[in-house]
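This report refers to the structure that appears directly beneath it.
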Amino acid sequence: MDNQLTSIVDGYSPEFITFVKGIFGGGVNLTIGMIIASQMISLNLIFYGIILGVVSYGLSIVFFVSSAQNLGATRSQILFATAPFWGIMFSIFIGEPLTFNLIIAIILLIVAVLITNNIVHNHKHHHNKVEHLHLHSHDDGHHVHKHDSNEFEIYNKDKNKKHTHIHVHNEKHHEHNHFPDLHHKHDH
């Protein structure tokens, strides 16, 4: 449920969403930890815990939120589920044996990623007018706006450069191949 809700939040940047999730999640985990430990945790350990959380948890959630907003919750979750695969590859690299079960698991994972990331559909669909903030480029048929600010002038010239700012999508009715991403959360 959290992943689905995260994928539909389009008015905030992945960094802000991660910050809010980290404050609440970190606060709950810290409270549970102190209850289990039956004592206060020293401030220097809390500081190191925050640094560790920002690097290990925070960065992965920023990547996941960005992925969920652009690919949809299911595709993002499948891509993030490849983490054990990279762990397996590293373990084989350092000398662990490659077993039959690992080979089957790797094949199934690769097939799942290929299937879910290559299934697109095409139909006429309607986009309501919306104002939101997310990472985008101007080469996708949905972000055809111009920038007034000199700060963004480069994006008027180079259509495939990614950038983030609040922008408006006018109402539109069209047909093209698409995923259930941030701009395609419509009924069929």
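The values are calculated or read from the model by the stated rules, or taken from the named source; none is laboratory data. Since we're looking at a predicted model, the values are computed, not measured. Ideal geometry is used to build each Cβ from the backbone, glycine not excepted, and the neighbour counts take in all protein chains shown. Side chains included, ligands, DNA and RNA excluded: accessible areas come from the protein's heavy atoms. Shrake-Rupley method; radii C 1.70, N 1.55, O 1.52, S 1.80 Å.
Which residue is nearest to residue 175 (Cα to Cα), if the candidates are limited to segment 82-129 and must be at pLDDT below 85 and charged (D, E, K, R)? That would be 124. Which ones in segment 68-89 are over 26 Å from residue 101 (Cβ atoms), polar (S, T, N, Q) and open to solvent by less than 40 Å² (accessible area, probe 1.4 Å)? If the condition is that a residue be over 26 Å from residue 101 (Cβ atoms), polar (S, T, N, Q) and open to solvent by less than 40 Å² (accessible area, probe 1.4 Å), then 69, 76 are the ones that fit.
Results for (1) within 25 Å of residue 164 (Cβ to Cβ); (2) open to solvent by 50 Å² or more (accessible area, probe 1.4 Å); (3) touching a helix residue (DSSP H, G or I) at 6+ places or on another chain (Cβ under 7 Å), shown as yes or no for each residue.
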| residue | (1), (2), (3) |
| --- | --- |
| 18 | yes, no, yes |
| 27 | no, no, no |
| 31 | no, yes, no |
| 35 | no, yes, no |
| 40 | no, yes, yes |
| 53 | yes, no, yes |
| 62 | yes, no, yes |
| 66 | yes, no, yes |
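If only one of 93, 63 is of a type in the set (A, V, I, L, M, F, W, C) and within 30 Å of residue 30 (Cα to Cα), which one is it? Sole residue among the options that is of a type in the set (A, V, I, L, M, F, W, C) and within 30 Å of residue 30 (Cα to Cα): 63.
Can you confirm whether residue 62 is closer than 30 Å to residue 107 by Cα and at pLDDT 80 or above? If you could, list the steps in order and put the result at the bottom.
Numbers: closer than 30 Å to residue 107 by Cα: yes; at pLDDT 80 or above: yes.
So residue 62 fits the description; yes.
Residue check: is residue 39 among the polar types (S, T, N, Q) and touching a residue at least 12 places away in the same chain (Cβ under 8 Å)? Here the answer is no, as residue 39 does not meet what is asked. A Cβ distance below 7 Å, combined with a sequence gap of six or more or placement on separate chains, defines the contacts here; from segment 1-29, residues that are of a type in the set (Phe, Trp, Tyr) reach residues that are at pLDDT 65 or above in the pairs 12/133.
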